[in-house]
Amino acid sequence: MKAGKLSETVLKRSVLRQLHTTDPQVLFPPAVGMDFSAVKIQPGEVLVSAIAARGLGTAVIGTLGVFAALNNLWCSGARPIGILNSLLVPTSYTENELRRLIGEIQDVCASENISVLGGHTEVVRSVTEPVLTVTALGAVEECRMKATQAVKPGMDILVTKWVGLEGTAVLAIQKEAELRSRYAQPFIERAKAFAGYLSVRSEAAVAAKSGVAAMHDISEGGIFGALWELGQCSGVGLEIDLKKIPIRQETIEICEFFDVNPYKLVSGGSMLMAAEDGNALMQAIRREGGKAVVIGKATDGNDRVLINGEERRFLETTQTDELWRLENRRIL
């Protein structure tokens, strides 16, 4: 199999089909587009957990891993309590590198006012680069929970911040020397600074009290993958205006430099939202200093359509993220 996220076909056939949820306390069975689990722990209260993994030897793997898990939790409407880490490192890893990585994880947790609850760290001969898995735990009142499958036909679809933030930051940090052949250092520094935009906490908090029906973190597979998962999980069609999807110029240029598709690039820090009144939700987020824009609507049907001027084309199932495609091409 190719490196990266499993294809939807393999995920359904060889993973989800074998999982059977019978406990009535479990609110949602594992499914395409479901990035968290929810379990009733007492009347009216739900324990929510979300898991994320990051590899590729990224210099900011701790930051990426923690926010990837936390963002999924915030999209459920839950309040994070803390995280658990599982870290596999190669035999070539040094103690100083380990100390820096754990410090990075702790710094993110301190900034988000949560705790590292525990974890496991092991040196493994079979890995060639660190692999970090983060499990985030949180709680929410059942009546306030947001489910990914709550999108209904006619709802507006919104995007927060800009797509491609996480992938742009990774490329700018990992491939800085190559980028210097074309771009000035201030341009590269702006792109590296995108790693500071990876939290969706503030937008999710505003949305949860401003009429949002569903939220979905845009992670591996980029905005195209997240749109497909949102439609698939809710069983709705989509009509999305490609030109309305917000994207930074730095992302466009860096993706062009490496010949990757910015709309299929990991986009931690940005999320999809669905609401009956998308304009009201957009304005609420903007009043609190956030960024959001309506990019389309959910429709009654199965067609997920991208509109670009006069052109209409169908979205595909989630594809391998562009960072992994670069890995497969031996660029990273």
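Does region 250-332 come out rounded, prolate or oblate by the C-alpha gyration tensor, with a ≥ b ≥ c the root eigenvalues, rounded set by a/c under 1.5 and, if not, prolate when a/b is larger than b/c and oblate if not? Provide the component values of the computation, followed by the final result.
On the way: a/c = 2.35, a/b = 1.46, b/c = 1.60.
Cα axes put region 250-332 in the oblate bin.
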| query | How large is the helix-only mean residue ellipticity at 222 nm for the chain, computed as the sum of -39500 (n - 2.57) over DSSP H runs with n ≥ 4, divided by its residue count, in deg cm²/dmol to the nearest 500? | reply | -9000 deg cm²/dmol
| said: Under 8 Å for C-alpha pairs, at least 6 residues apart: give me the relative contact order for the chain, rounded to a whole percent. | reply: 22 percent
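Which semi-axis lengths, in whole Å and largest first, follow from the square roots of five times the eigenvalues of the Cα gyration tensor of region 13-101? Show your work: numbers first, answer last.
Numbers: eigenvalues 183, 57, 25 Å².
Working from the Cα gyration tensor, I get semi-axes of 30, 17, 11 Å.
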| query | What percent do you get for the relative contact order of region 130-222 when only Cα pairs under 8 Å and 6+ apart count? | reply | 42 percent
| task | Run through all the Cα pairs of region 1-160 and give the fraction in each 10 Å bin from 0, expressed as whole percent. | result | 10, 32, 34, 20, 4, 0
| message | Over 23 Å between Cα atoms: which of 12/264; 161/243; 2/297 fall into that group? | response | 2/297
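Can you say what percent of the DSSP beta bridges in region 192-332, counting only those with both residues inside, are antiparallel? Round to 5.
Numbers: 13 of 17 bridges.
The answer is about 75 percent antiparallel.
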| query | Ranked highest first by average number of other Cβ atoms within 10 Å, how do 241-251, 88-98, 127-137 line up? | reply | 127-137, 241-251, 88-98
| task | Taking the Cα centre of region 229-332 as origin, sum charge times position over the Cβ atoms of Lys and Arg (+1) and Asp and Glu (-1), and report the length of that vector in debye to the nearest 20. | result | 200 debye
| message | Give me the one-decimal Kirkwood hydrodynamic radius in Å for region 213-282, with the sum taken over alpha-carbon pairs. | response | 13.1 Å
| task | Taking a cut-off of 17 Å between Cα atoms, list the lysines near residue 146, but don't count ones fewer than 8 places away on the same chain. | result | 40, 209
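Assuming a ≥ b ≥ c are the square roots of the Cα gyration tensor eigenvalues, decide whether region 160-284 counts as rounded (a/c under 1.5), prolate (otherwise, with a/b larger than b/c) or oblate. Each step should come with its number before you reach the end.
Numbers: a/c = 2.55, a/b = 1.85, b/c = 1.38.
Because a/c hits 1.5 or more and a/b exceeds b/c, region 160-284 counts as prolate.
Apply 1/(1 + (r/R0)^6) to the Cβ-Cβ distance of residue 176 and residue 129, taking R0 = 25 Å, and write down the FRET efficiency to the nearest 0.05. Please list the in-between numbers first.
Numbers: r = 18 Å, r/R0 = 0.72.
Here the calculated transfer efficiency is 0.90.
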| Sorted largest first, extent of the chain alpha carbons per principal axis (Å) | 52, 51, 43
| field | Average accessible surface area per residue within the chain, 1.4 Å rolling probe, Å² | value | 46 Å²
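In terms of solvent-accessible area of protein heavy atoms at a 1.4 angstrom probe, what is the ranking of 34, 215, highest value first?
34, 215
Only Cα pairs under 8 Å and at least 6 apart count here; give the relative contact order of region 1-123 as a rounded whole percent. Spell out each step's value before the answer.
Working: 122 pairs, mean separation 22.7, N = 123.
Taking the mean separation of contacting Cα pairs over the length of region 1-123, I get 18 percent.
Would you tally the net charge around residue 35, using a Cβ to Cβ cut-off of less than 10 Å, leaving residue 35 out, and scoring K and R as +1, D and E as -1? Mind showing how you got there, number by number?
Working: positive: none; negative: 217, 229.
Result for the neighbourhood of residue 35: -2.
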| field | Residue order for 217, 23, 35 - accessible surface, 1.4 angstrom probe, largest first | value | 23, 35, 217
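Sorted by packing (mean other beta-carbon atoms within 10 Å per residue), highest first, where do 269-280, 73-84, 192-203 land? Numbers along the way, then the final one.
Numbers: 269-280: 21.8, 73-84: 24.0, 192-203: 20.2.
Ranked by mean Cβ neighbours within 10 Å, highest first: 73-84, 269-280, 192-203.
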| said: Just to be sure I understand: of the beta bridges DSSP finds with both ends in region 54-192, what percent are antiparallel, rounded to 5? | reply: 55 percent
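The values are calculated or read from the model by the stated rules, or taken from the named source; none is laboratory data. Keep in mind that this is a model prediction, so the values were computed, not measured. A quick note on method: Cβ atoms are made from the backbone with ideal geometry, for glycine too, and the neighbour counts reach across all protein chains shown. Ligands, DNA and RNA are excluded from the accessible area calculation, which covers all protein heavy atoms including side chains. Shrake-Rupley method; radii C 1.70, N 1.55, O 1.52, S 1.80 Å.
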